Amino acid sequence: MADALRIGIAGLGTVGASLVRILQTRGNALAVACGRPIRVVAVSARNRDKDRGIDLAGVTWFDDPSELARSADIDVFVELVGGAEGAADASVRAALTRGLHVVTANKALLAKHGVELARMAEDKGLLLNYEAAVAGGIPVIKTLRESLTGNGFSRVYGIMNGTCNYILTRMEKEGLSFEACLKEAQRLGYAEADPTFDIEGNDTAHKLAILTTLAFGSEIAADAIYLEGISNISIEDIHAAADLGYRIKLLGVAQRTETGIEQRVHPTMVPLDSVIAQVDGVTNAVALESDILGELLMVGPGAGGNATASAVLGDITDIAKSRPGAQQVPVLGRPAHLLEPYRQAAMQSHEGGYFIRLTVQDRTGVFASIATNMAENGISLESIVQHSKQPVGKDAPQTIILVTHATMESAVRTAVSAIKGEGYLVGEPQVIRIERPKTA
């Protein structure tokens with residue numbers, strides 16, 4: 001049996017502690033599967049005295065992750081610190097510069113510095129693995145980098161943030177407000193004390209940017225993503241969607257068009273009978289549409305200690321099974337120097353159209369005015385109705401629901417802006433895209 005693969009782990013939070021526990025309790029089975037033992041020999045974390053429920057006897061402790069990367073007697077550096085800058089960035093660069101393979105779960109780091117780090121790794125013939133950075137325990141990175149090599153992709157989309165999916169699920173199933181569901185998600189540990197990064201779509205955007213590069217061979221462009229979160233989704237939207245046969249999900253969508261690549265993150269209405277509509281709670285789902293395989297939907301745990309540790313462990317075992325001198329898999333699916341410059345497409349016509357919710361003053365001519373503004377912008381309406389659940393009374397504001405046929409984003413925004421100028425709206429209008437996934 002070959003010599004042990006020596007691991008240094010920076011970050012002993014939920015994921016790091018789970019990883020150590022798995023490596024220690026399943027060491028014999030892993031040694032057989034990989035042809036060599038895998039041993040944790042060094043760690044780094046903020047608090048040495050914290051009880052993490054793991055045995056660190058004989059493991060060298062470093063207070064500084066970068067010092068671990070520079071000095072520890074290791075073969076693989078595992079970064080679980082998090083963040084795009086600071087200790088995570090410095091320690092990964094130190095490890096690659098030294099000639100160590102790297103495993104990371106850090107989507108923010110990859111979204112910002114992934115191309116540069118890929119070049120560093122490839123120049124030295126090193127592996128930089130990051131399965132846990134996108135969709136937790138779902139092996140979507142390996143699928144795109146290796147299993148589906150040769151496929152041409154037209155679209156990649158999915159539910160990539162468990163916090164948002166949990167909130168939207170609870171709102172629908174229990175009739176709770178967004179605020180109540182967010183508070184419960186924080187209590188259960190699904191949402192951070194400051195949940196902005198999750199609920200405003202930034203987390204999904206980072207993951208989508210990585211998938212876009214793997215699918216389309218372009219440089220990472222996390223700043224070129226149209227972004228909307230779920231904080232403005234109301235229980236009225238949830239009910240109206242259900243009445244129309246839809247369920248609201250926060251989707252990340254990337255697709256190739258004639259003018260470039262379109263990336264967007266936003267609340268989306270999907271048909272109740274589609275597979276992706278059935279993905280509830282903190283579960284994630286990623287769909288791939290390709291020319292050879294066709295359509296593939298992968299569903300599984302998107303977060304949590306064991307799910308993420310499982311993905312990290314898979315990356316480590318890939319390194320354990322690799323042999324010196326063997327051709328390494330390109331970090332981003334193709335060699336970093338061959339990635340194409342990112343070409344951003346304008347927002348396109350969407351097959352499913354749009355859901356538009358307007359709260360209006362109850363007065364004569366409102367319906368006609370709305371219809372006229374839509375027609376003047378070339379928008380064909382599938383339906384326009386007064387929402388049946390809205391209470392009716394003298395001078396009480398009324399809710400009008402519109403569903404459009406396929407149309408341009410710019411046309412919808414122009415029409416809604418014109419309607420706002422008519423003076424009969426109460427509050428802000430709601431606009432939600434409708435997608436009809438091919439994966440049904």
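Couple of notes before you dig in:
- For the peptides 147-156, 396-405, residues were scored by their other Cβ atoms within 10 Å and the scores averaged per peptide; the highest-first order is 396-405, 147-156.
- Between GLU428 and THR196, the FRET efficiency estimated from the beta carbon spacing at R0 = 22 angstrom works out to 0.65.
- Antiparallel %, DSSP beta bridges [both residues in the chain], to 5: 65
- Counting neighbouring beta carbons within 10 Å and listing from fewest to most, the residues VAL385, VAL102 come out as VAL385, VAL102.
- Environment charge of VAL43, counting only residues whose C-beta is closer than 14 Å and scoring Lys/Arg +1, Asp/Glu -1: 0
- Of LYS142/LYS249; LYS50/LYS124; LYS107/LYS420; LYS142/LYS183, those spanning more than 29 Å from alpha-carbon to alpha-carbon: LYS50/LYS124; LYS107/LYS420; LYS142/LYS183
- Listed candidates (i) 71, 53, 35; (ii) 82, 46, 35; (iii) 66, 44, 32 - label of the one calculated as Cα extents along the principal axes in Å: (ii)
- Of the peptides 195-205, 416-426, 274-284, 226-236, the ranking by mean beta-carbon count within 10 Å, highest at the top, reads 195-205, 274-284, 226-236, 416-426.
- Listed from fewest to most Cβ neighbours within 10 Å, the set ASP51, ASP362 follows the order ASP51, ASP362.
- Dipole magnitude for the chain: about 860 debye, using +1 per Lys or Arg Cβ and -1 per Asp or Glu Cβ, origin at the Cα centre.
- Region 354-434 shape via C-alpha gyration tensor axes, a/c threshold 1.5: prolate
- Karplus-derived 3J(HN,Hα) values for region 281-289, using 6.51 cos²θ - 1.76 cosθ + 1.60 with θ = phi - 60°, are x, 8, 5, 10, 8, 10, 10, 10, 10 Hz; glycine and proline are entered as x.
- For SER177 and ASP280, the FRET efficiency from 1/(1 + (r/R0)^6), where r spans their Cβ atoms and R0 equals 25 Å, is about 0.85.
- Taking 0.36 nm per residue of separation and subtracting the current Cα-Cα distance, fully stretching the chain between SER231 and MET408 would add 61.3 nm.
- By average C-beta atoms within 10 angstrom, highest first, the peptides 253-259, 104-110: 104-110, 253-259
- Structure-based [θ]222 nm, the chain - -39500 (n - 2.57) summed over DSSP H runs of at least 4, per residue, nearest 500: -10500 deg cm²/dmol
- When both bridge partners sit in region 221-317, DSSP labels roughly 90% of those beta bridges antiparallel.
- Region 151-305 - Kirkwood radius from inverse mean 1/r over Cα pairs (Å): 15.8
Since every read-out is calculated from the coordinates, none of them should be taken as a lab result. Given the structure is predicted, the values throughout are model-derived calculations rather than measurements. Using ideal geometry, Cβ is built from the backbone for each residue, glycine included, and neighbour counts are taken over all protein chains shown.
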